Each structure stands twice: as structure tokens, then as C-alpha cells.
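Read the structure below first, then the notes.
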Amino acid sequence: MTDYHEPFERLDEKTLDQARALISLKEEVEAINWYNQRVAVTKDETLKAILAHNRDEEIEHAVMAIEWLRRNMEGWDEELRRHLFTDGPIGHHDDHDDVHETGESTSSGRRKDLGIGNLR
């Protein structure tokens, strides 16, 4: 199975690097999950410490991939700045500060109505 949904030969180097980072991030998060589950059930304290260390190393790798994406893929910087290290609700945020009720474009080019109008 491939992680590419478009013909590989048609993708530019920037898109390929972004795909590499996203695939690596996915793999790191999967490894974090595996180690975290093992830590939760392991009774041997020495093994638990080793597995927790391994999990934490994977977290570091995931964060480095996210930082690379923030610097190299459009949208990441804006969204990370909007959602990380805040005290409000984590769930979906209404973009009422960025988008007018009319669906006008925002400074980021997003539209509330996706440019297709009301679907009701």
C-alpha cells in the first residue's frame, strides 16, 4: 500500500518532502500509542521506565516533525498559533473573528461558506 494518492512522478520535491514529514509524523504518533499502552499494562517497573523513555523519545520526534511542517507547509503555522497553548475550549472554534457572516474571504483566504453558498 502506498501513501501517495496522486501519481508519484507528478509530485514536486516540496510536496514529496511534505508527504515524508506527514508519513513520519503518523508513524511517530502510532509508536507513541504503542509504547503508552505497554507502559499502562507493564507490571515490571524497570521495563515500565524503559518503555516510558521510548514513548517520550517518540513524542520528541513527533514534535520535531510538527515543527518542520510549521516551517514548511502552508496552514500549519496559523493553526498551531491559534490552537496551542491556549486556555479556552479545545474543540471546534467558530472563526467569527476571521470570517464574516456573509461568507466573505478572510485575510487567510478562507470562506465561511466554502464558496458554494447555502446548502439548505
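Before moving on, here are some points about what is shown:
- Checking 44, 3 one by one, the residue that is more than 23 Å from residue 81 (Cα to Cα), among the charged types (D, E, K, R) and over 21 Å from the mean Cα position of the chain (by Cα) is 44 and no other.
- Among residues of the range 1-53, those that are open to solvent by 70 Å² or more (accessible area, probe 1.4 Å), within 21 Å of residue 68 (Cβ to Cβ) and among the aliphatic types (A, V, I, L, M), counted: 1
- Enumeration of residues in the range 71-110 that are among the hydroxyl-bearing types (Ser, Thr, Tyr) and at pLDDT 90 or above: 86
- Residues being in contact (Cβ under 8 Å) with a residue 40 or more places away in the chain and at negative phi are entirely absent from the range 27-47.
- Of all the criteria given as (1) part of a helix (DSSP H, G or I); (2) at pLDDT below 95, the one not satisfied by residue 33 is (2).
The values are calculated or read from the model by the stated rules, or taken from the named source; none is laboratory data. Because the structure is a prediction, the values reported are computed rather than measured. Cβ atoms come from the backbone with ideal geometry, glycine included; neighbour counts cover every protein chain shown. Note: accessible area is taken over every heavy atom of the protein model, side chains too, but ligands, DNA and RNA are not part of it. Shrake-Rupley method; radii C 1.70, N 1.55, O 1.52, S 1.80 Å.
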